[in-house]
Amino acid sequence: MCGIVGYIGNKKATPILINGLLSLEYRGYDSAGIAVLENNKIVVMKDKGRVNNLNNIDGINNLNGTIGIAHTRWATHGKPSKENSHPHLDNSNSFAVVHNGIIENYNELRNFLTEKGYTFISQTDTEVIPNLIHYYYKNGIKDENVFLRAVKSAVDDLKGSYAIEVISPLFPNRVIVVRKDSPLVIGKGENENYIASDIPAILSHTKNFYLLDDNEYAEIYTDHINFYDSSLVSHSKAVKNIEWDASAAEKDGFEDYMLKEIFEQPNSIRETIGSRLKLNELCSFDDLDLSKEYLQSINKIYIVACGTAMHAGLAGKNAIEKLCRIPVTVDIASEFRYRDPIIDDKTLCIYISQSGETADTIAALKLAKTKGAKTLAVSNVIGSSITREANYTIYTHAGPEIAVASTKAYTSQVVLLVILAIYFAEILNSTPANLLNDLKADILDLPVKIETILDQLEPIKDFAKKVYTQKDMFFLGRGTDYNVALEGSLKLKEISYIHSEAYSAGELKHGPIALIENGITVVSILTDPSLVEKSISNIQEVITRGAKTLVITNQNLTNKHFDFVINIPNTNPLISPILSVVPLQLLAYYISKNKGLDVDKPRNLAKSVTVE
Ligand code: G6P
């Protein structure tokens, strides 16, 4: 899950590469490096640590080369170190490679190359690639296409996932790229071209993109690009206009991306709703054509995802089951793919992935396809890998999410899944229209209701100040409030490194209550009127045992002896997670700030997990 940037044109490559990497640090940030063609040589500058460290490398600002490749790393093979940083060179310094993904058979390839006399400096899987390219180049017929053929022969030997950029002083007018199961896009400019693993890295330079397909090669020159399939047969490719606003990928005056993205939620939800849902009209999806016969034939739905996206899936399950009466199972993608799930052509599998690049989720989708199920992707990134694999895609349209901890993508995913449930229910006629219309009105009111929560930051900031030194915290809820408790707990862990657990409030007495002791913080979510009284009894149990309690509620709860109460607006329980999660996002954010941590780039995490 590393970040890749590349440039070929008439400008100095180095600042373009470094700026691109800076906007990609959310993909990984334990080391970074660039390779630039300079006076017919490859110059590699790289180091352990953040991208900004590159600016301290002697001579980096004097590089004048106009062709280069760059990488920000999230270590998989080999610890973060200068040697293990990309780009990697072959033994003769003829080929420089950056790579995102994992080469599963690298040991075998390393042994093969070692036998041929090649040596290795790093512990990475990547270093076999430039050496394999050199091996095939050395043994190939030296014509104009030998570079491309050598890259292809090397790639044919690789097992695993990869997005690769290669440059060579032997062919100083081109960059060769190829991908499989790892993202790569090419940005088209005027007499210059850009390459990146993610669109935001080069969005300030162009809005015209080629989205490279799996097993597709591109030979990128300053003024043209040749595309080839996996057998090196050339083809033409359509350019795609991506209308994201470059400034949307910047901080807009907020201290951190995460805070900006939390505050963007009223708008991102408006974008998600778009023209799909209107009062007194049937919901519609431009991008879906599921027939009534097909929906009637479905006897089971799986929702599969990882992390926060999986938590959004839990809210989706509630909505689909309630409105459509179809059983829904929510699975963690890394479990689903190995547990031999019961899937056939009467199963609909919904995959949720903000990035659309999460390796486990994509693999779980491929599995369902082989078993005859229809697959539907819910993603935020246009043209991402998952959207190209799925039978259908619906986009959240939440705009680029940069902070590692997901916020606006979650709320947009929940909104979209609930709209999808209404759309299914209307086709199936499974819920009375007046109830669906009330729910639609509640969905349309969400943006304004979130704005009211965002207007009251002080109580959350105060509470964060009081509890940020705690070692453990608990999150409790029942029903949909339990789903939100899971997400609140995950947010806290991710960015504050405080150990936290989320429990169904009713389950507490079956074990976890043993952990409650004097002074421990328990955060409870109470929004579902039918469950509030029962949850209050559970909270009383922890108060009796000395817990400090924060309650997030839309109910009128006076005189209940809670230490802190945050009131949020009322709404339909199916969509209450969209409101109750906001104070939890802010709580995690302010606790992390109080601890002086890097909110946007928490340790050990990456935004897009393209490895198993
Ligand atoms: C990583 C991120 C999480 C995210 C999860 C799934 O673990 O740190 O924030 O929820 O991946 O990502 P996806 O892009 O598939 O939604």
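Considering every residue within the range 131-146, establish whether at least one is under 25 Å from the mean Cα position of the chain (by Cα), surrounded by 23 or more Cβ atoms within 10 Å (Cβ to Cβ) and closer than 30 Å to Thr206 by Cβ.
Within the range 131-146, the first condition is being under 25 Å from the mean Cα position of the chain (by Cα), and the residues that meet it are none.
Among the residues of the range 131-146, not one is under 25 Å from the mean Cα position of the chain (by Cα), surrounded by 23 or more Cβ atoms within 10 Å (Cβ to Cβ) and closer than 30 Å to Thr206 by Cβ, which makes the answer no.
Which one is surrounded by the fewest Cβ atoms within 10 Å (Cβ to Cβ), of the residues in the range 272-306 that are aromatic (Phe, Trp, Tyr) and not in a loop (DSSP other than H, G, I, E, B)?
Within the range 272-306, the subset aromatic (Phe, Trp, Tyr) is 285, 294, 302.
Add one more test, that the residue is not in a loop (DSSP other than H, G, I, E, B), and what stays is 294, 302.
Details: Tyr294: 14, Tyr302: 24.
The qualifying residue surrounded by the fewest Cβ atoms within 10 Å (Cβ to Cβ) is Tyr294.
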So in the range 158-205, with the set limited to residues that are farther than 19 Å from Val36 by Cβ and in contact with a Pro (Cβ under 7 Å, 6 or more places away or on another chain), which one is surrounded by the fewest Cβ atoms within 10 Å (Cβ to Cβ)? Pro200
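Identify, from the list Tyr221, Tyr302, the residue that is more than 24 Å from Tyr590 (Cα to Cα), within 16 Å of the ligand (Cβ to nearest atom), at pLDDT 95 or above and among the aromatic types (Phe, Trp, Tyr).
Tyr302
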So Ala218 ticks every box in (1) outside any loop (DSSP other than H, G, I, E, B); (2) more than 27 Å from the chain's Cα centre (by Cα) but one. Which box is left unticked? (2)
Starting from the range 341-359, take each residue that is more than 18 Å from Ala373 (Cα to Cα) and list its partners that are within 16 Å of the ligand (Cβ to nearest atom) and among the acidic types (Asp, Glu), counting only C-beta distances under 9 angstrom and pairs at least six apart or across chains. Gln354/Glu401; Ser355/Asp198; Ser355/Glu401; Glu357/Asp181; Glu357/Asp198; Ala359/Asp181; Ala359/Glu612
Any chance you could count how many residues in the range 462-481 are under 28 Å from the mean Cα position of the chain (by Cα) and surrounded by 15 or more Cβ atoms within 10 Å (Cβ to Cβ)? 11
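Just need a number here: residues in the range 405-430 that are outside any helix (DSSP H, G or I) and touching a Pro at 6+ places or on another chain (Cβ under 9 Å). So that I can check it myself, show each step before the final result.
Going residue by residue through the range 405-430, those that are outside any helix (DSSP H, G or I) are 405-407, 429-430.
From the residues that got through so far, the ones that are touching a Pro at 6+ places or on another chain (Cβ under 9 Å) too are 405.
Of the residues in the range 405-430, 1 are outside any helix (DSSP H, G or I) and touching a Pro at 6+ places or on another chain (Cβ under 9 Å).
For Gly356, state whether it is in a helix (DSSP H, G or I), within 16 Å of the ligand (Cβ to nearest atom) and either surrounded by fewer than 18 Cβ atoms within 10 Å (Cβ to Cβ) or not aromatic (Phe, Trp, Tyr) (or both).
Values: in a helix (DSSP H, G or I): no; within 16 Å of the ligand (Cβ to nearest atom): yes; either surrounded by fewer than 18 Cβ atoms within 10 Å (Cβ to Cβ) or not aromatic (Phe, Trp, Tyr) (or both): yes.
In short, no.
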The residue from Val484, Val448, Val414 that alone is in the same structural domain as Arg276 (by TED's automatic domain parsing) and within 25 Å of the chain's Cα centre (by Cα) is Val414
The condition of being touching a residue at least 12 places away in the same chain (Cβ under 8 Å), within 16 Å of the ligand (Cβ to nearest atom), out of contact with any Cys (no Cβ under 8 Å at 6 or more places or on another chain) and among the polar types (S, T, N, Q) holds, among Ser576, Ser608, only for Ser608
Residue among Val542, Val523 that is more than 28 Å from Ala309 (Cβ to Cβ), buried (at least 21 other Cβ atoms within 10 Å of the Cβ) and more than 16 Å from the ligand (Cβ to nearest atom): Val542
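Quickly run through the range 378-407 and pick out the residues that are among the charged types (D, E, K, R), over 19 Å from Asn241 (Cβ atoms) and more than 9 Å from the ligand (Cβ to nearest atom).
Let us first name the residues in the range 378-407 that are among the charged types (D, E, K, R), namely 388-389, 401.
Going one step further and asking which of them are over 19 Å from Asn241 (Cβ atoms), we end up with 389, 401.
Result: Glu389, single match.
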So which residues in the range 533-566 are more than 15 Å from Pro583 (Cβ to Cβ), free of Cβ contacts under 8 Å to residues at least 24 places away in the same chain and not in a loop (DSSP other than H, G, I, E, B)? Glu533, Ser537, Gln540, Ile543, Thr544
Keeping to the range 590-612, report how many residues are of a type in the set (S, T, N, Q) and within 13 Å of the chain's Cα centre (by Cα). 2
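Would you tally the residues in the range 307-347 being more than 16 Å from the ligand (Cβ to nearest atom) and in a loop (DSSP other than H, G, I, E, B)? So that I can check it myself, show each step before the final result.
Going through the range 307-347, the residues more than 16 Å from the ligand (Cβ to nearest atom) turn out to be 317-329, 338-347.
Still in the list and also in a loop (DSSP other than H, G, I, E, B): 325-327, 338-346.
The number of residues fulfilling the criteria is 12.
Restricting attention to the range 176-223, report how many residues are small (Gly, Ala, Ser) and within 18 Å of Lys11 (Cα to Cα). Working first, answer last.
Taking the range 176-223 and keeping what is small (Gly, Ala, Ser), we get 182, 187, 189, 196-197, 201, 204, 218.
Adding the requirement that they be within 18 Å of Lys11 (Cα to Cα) leaves 187, 189, 196, 201, 204.
Count: 5.
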Of the residues in the range 359-377, those that are assigned to a loop (DSSP other than H, G, I, E, B) and either under 19 Å from Asp289 (Cα atoms) or within 16 Å of the ligand (Cβ to nearest atom) (or both) come to Gly372, Ala373
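Can you list the strands (runs of 3 or more DSSP E) lying wholly within the range 96-215 that have 2 or more residues being free of Cβ contacts under 8 Å to residues at least 60 places away in the same chain?
Numbers: elements: 96-103, 160-167, 175-180, 185-188, 193-196, 208-211.
Because the criterion is at least 2 residues that are free of Cβ contacts under 8 Å to residues at least 60 places away in the same chain, the strands (runs of 3 or more DSSP E) in the range 96-215 that meet it are 175-180, 185-188, 208-211.
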So Asn91 ticks every box in (1) over 31 Å from the mean Cα position of the chain (by Cα); (2) under 18 Å from Val5 (Cβ atoms); (3) in contact (Cβ under 8 Å) with a residue 40 or more places away in the chain but one. Which box is left unticked? (2)
Pro529, sole failed condition from (1) surrounded by fewer than 20 Cβ atoms within 10 Å (Cβ to Cβ); (2) closer than 25 Å to Leu323 by Cα; (3) of a type outside the set (D, E, K, R); (4) within 16 Å of the ligand (Cβ to nearest atom): (4)
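Does Leu586 count as away from the ligand (no atom under 16 Å from the Cβ), in contact (Cβ under 8 Å) with a residue 40 or more places away in the chain, out of contact with any Gly (no Cβ under 6 Å at 6 or more places or on another chain) and within 30 Å of Gly3 (Cβ to Cβ)?
Details: away from the ligand (no atom under 16 Å from the Cβ): yes; in contact (Cβ under 8 Å) with a residue 40 or more places away in the chain: yes; out of contact with any Gly (no Cβ under 6 Å at 6 or more places or on another chain): yes; within 30 Å of Gly3 (Cβ to Cβ): yes.
When the stated conditions are applied, Leu586 passes them.
The values are calculated or read from the model by the stated rules, or taken from the named source; none is laboratory data. As the structure is a computational prediction, the values presented were derived from the model and not from experiment. Cβ: placed from backbone, ideal geometry, glycine included. Neighbour counts: every protein chain shown.
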